[in-house]
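A.B. asks: Attaching a single structure in structure tokens format; questions to follow.
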Amino acid sequence: MKLTMRWYGESDPVTLEKLRQIPGLTGVVSAIYDVPVGKAWSEESIFNLKKKINDANLEWEVVESVPVHEDIKLGCGKRDEYIENFCITLRRLAKAGVKVVCYNFMPVFDWTRTELKHILPDGSNALIYIEKEAQKIDPMEGDLSLPGWDIGYTKEELVNLIKKYNTEMTEEKLWDNIKYFLEKIIPVCDEVGIKMAIHPDDPPWSVFGLPRIITDTKALEKLCSLVPSKNNGLTLCAGALGVLKSNNIPEMIRKFGDRIHFGHVRNILITEEKCFEESAHYTPCGSLDVYEIMKAYHDIGGDVYIRPDHGRMIWGEEGKPGYGLFDRALGLTYLNGLWEAIVKETEKDVDKKYLPR
């Protein structure tokens, strides 16, 4: 296992100098954030980012994310050009030593929440989602945005894009388009040694009437069957999938095993159907058993990159909602402690194997 933390580059208030002081952290997960979606990332920008991270004595082996252009998802326009640019980026990332690329296939919007600073009983604040509040939001107004989204549409572009999905897209067509995409990029991944890891839809149900397909075990099975290569794999996000009670995260980890290249481990508290808040990582704080999740990763061999995911804002910290330092550092330390205990309980002659590689 390698423990990592997401880092948003030079503009991130959580600096590399702060991250490298977290015991057990071996690397950061990052990306190039100033290139328009669909354009290839330059070798210069990739190697500059790698140098900054390596100079802080951290690794950069996982990219989150290389955005997928909407033409690819819609199966129209310049999709072949954008897929070729995606392949160019993959080749360049491989040269820089990147091993895993996380991506998603969510139409228009990335992860969605209805409040960014909901006050929890302990006085901290966190991201939450309430379905009835989401139903009140009209994305056609064009002013909807959340941290981490890889979009920069004008209001007119956003409205036209949503109309296009509403009139032309079905779940089956979206499956056809992701298959087309994977059939083009996975041979490149096989050639250069990159593992693709799709992030599930977050939350895993339709939002704003747009189709979402990466939602449960059946969907993950279908995704893996589209292209049989193990480089066609998964980012198993416990928080995204775990908000559906029917998704048993430890079972999913054991089922998909070596198709899981990247794990987001966090807790969430389900408050009612299609409503949840993002809690501390500690198992008693939420609806997921984080010990059992980490045990499942150990059972499949533990050869996976893992990071704590969205954290609360605690101790007066201000920053990017979900991506502050303090609670994510607590989360990483908790995961590290669970891992050490699991390894020592289950393996003989442990020595220092419990330490992240």
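A.B. asks: Go ahead and run the numbers for FRET between Glu251 and Ser45, Cβ-Cβ distance against an R0 of 30 Å, rounding to 0.05.
C.D. replies: It comes out at approximately 0.15.
A.B. asks: Would you mind getting me the FRET efficiency between Arg91 and Lys164? Use the beta-carbon distance for r and R0 = 41 Å, nearest 0.05.
C.D. replies: 0.85
A.B. asks: Can you give the convex hull volume per residue for the Cα atoms of segment 1-53, as a whole number of Å³?
C.D. replies: So the per-residue Cα hull volume is 92 Å³.
A.B. asks: Suppose R0 equals 25 Å; then what is the FRET efficiency for Asp138 and Lys117 from their Cβ-Cβ distance, rounded to the nearest 0.05?
C.D. replies: Computed FRET efficiency for Asp138 and Lys117 comes out at 0.70.
A.B. asks: Let me ask another. Counting only heavy atoms of protein chains, what accessible area per residue, in Å², does the chain have with a probe of 1.4 Å?
C.D. replies: 42
A.B. asks: Among [x] 20.7; [y] 28.9; [z] 20.1, which one is Kirkwood radius over Cα pairs in Å computed from these coordinates?
C.D. replies: Read-out from the structure maps to [x].
A.B. asks: Here's another thing I want to ask about it. How about segment 292-335: which chymotrypsin sites (Phe, Trp or Tyr not before Pro) there lie in a loop by DSSP and see at most 16 other Cβ atoms within 10 Å?
C.D. replies: Qualifying residues, ordered by number: Trp315.
A.B. asks: A follow-up question, please. Within the chain, which complete DSSP H helices have Cα atoms spanning at least 15 Å along the helix axis and a mean Kyte-Doolittle hydropathy of 0.0 or higher?
C.D. replies: Long hydrophobic helices here: 326-346.
A.B. asks: Follow-up. Filter the cross-link list Lys78/Lys99; Lys73/Lys230; Lys2/Lys163; Lys173/Lys245; Lys18/Lys344 down to pairs whose alpha-carbon distance in this structure exceeds 32 Å.
C.D. replies: Those over the limit are Lys2/Lys163.
A.B. asks: In the chain, with Lys and Arg counted as +1 and Asp and Glu as -1 at Cβ, which of these residues, His118, Gln135, Ile198, has the Cα nearest the positive end of the dipole, that is, farthest along it?
C.D. replies: Ile198
A.B. asks: Classify segment 194-250: rounded, prolate or oblate, from the alpha-carbon gyration tensor (a ≥ b ≥ c, eigenvalue square roots; a/c under 1.5 rounded; otherwise prolate if a/b is larger than b/c)?
C.D. replies: Prolate is the answer for segment 194-250, as a/c is 1.5 or above and a/b outweighs b/c.
A.B. asks: Something else now. With charges set only on the Cβ (+1 for Lys and Arg, -1 for Asp and Glu), what does the dipole of the chain come to about its Cα centre, in debye to the nearest 20?
C.D. replies: Charge dipole, the chain, about its Cα centre: 740 debye, nearest 20.
A.B. asks: Suppose we keep just the DSSP beta bridges with both residues in the chain; what percent of those would be antiparallel, to 5?
C.D. replies: So the antiparallel bridges in the chain amount to around 30 percent.
A.B. asks: Additional query: Just to confirm the filter: which GluC sites (Glu not before Pro) across segment 244-281 are DSSP coil and have at most 13 other Cβ within 10 angstrom of their Cβ?
C.D. replies: In loop regions of segment 244-281 (DSSP not H, G, I, E or B), the sparsely surrounded GluC sites (Glu not before Pro) are Glu273.
A.B. asks: Oh, and also: Take the solvent-accessible surface of the protein heavy atoms, probe 1.4 Å, and return the percent of it on the chain that carbon and sulfur atoms account for.
C.D. replies: Carbon and sulfur together cover 48 percent of it.
A.B. asks: Given springs between every Cα pair under 10 Å in a Gaussian network model of the chain, which of Lys132, Lys39, Lys95 has the largest fluctuation?
C.D. replies: Among Lys132, Lys39, Lys95, the largest mean-square fluctuation in the Gaussian network model of the chain belongs to Lys132.
A.B. asks: Can you tell which of Cys87, Leu244, Phe208 lies farthest toward the positive end of the dipole of the chain, using +1 and -1 charges on the Cβ of basic and acidic side chains (Lys, Arg; Asp, Glu)?
C.D. replies: Comparing the listed Cα positions along the dipole, Cys87 ranks first.
The values are calculated or read from the model by the stated rules, or taken from the named source; none is laboratory data. Please read all numbers here as calculations on a predicted model, not as lab measurements. Backbone-built Cβ (ideal geometry, glycine too); neighbour counts: all protein chains shown. Calculation scope for accessible area: heavy atoms of the full protein, side chains included, ligands and nucleic acids excluded. Shrake-Rupley method; radii C 1.70, N 1.55, O 1.52, S 1.80 Å.
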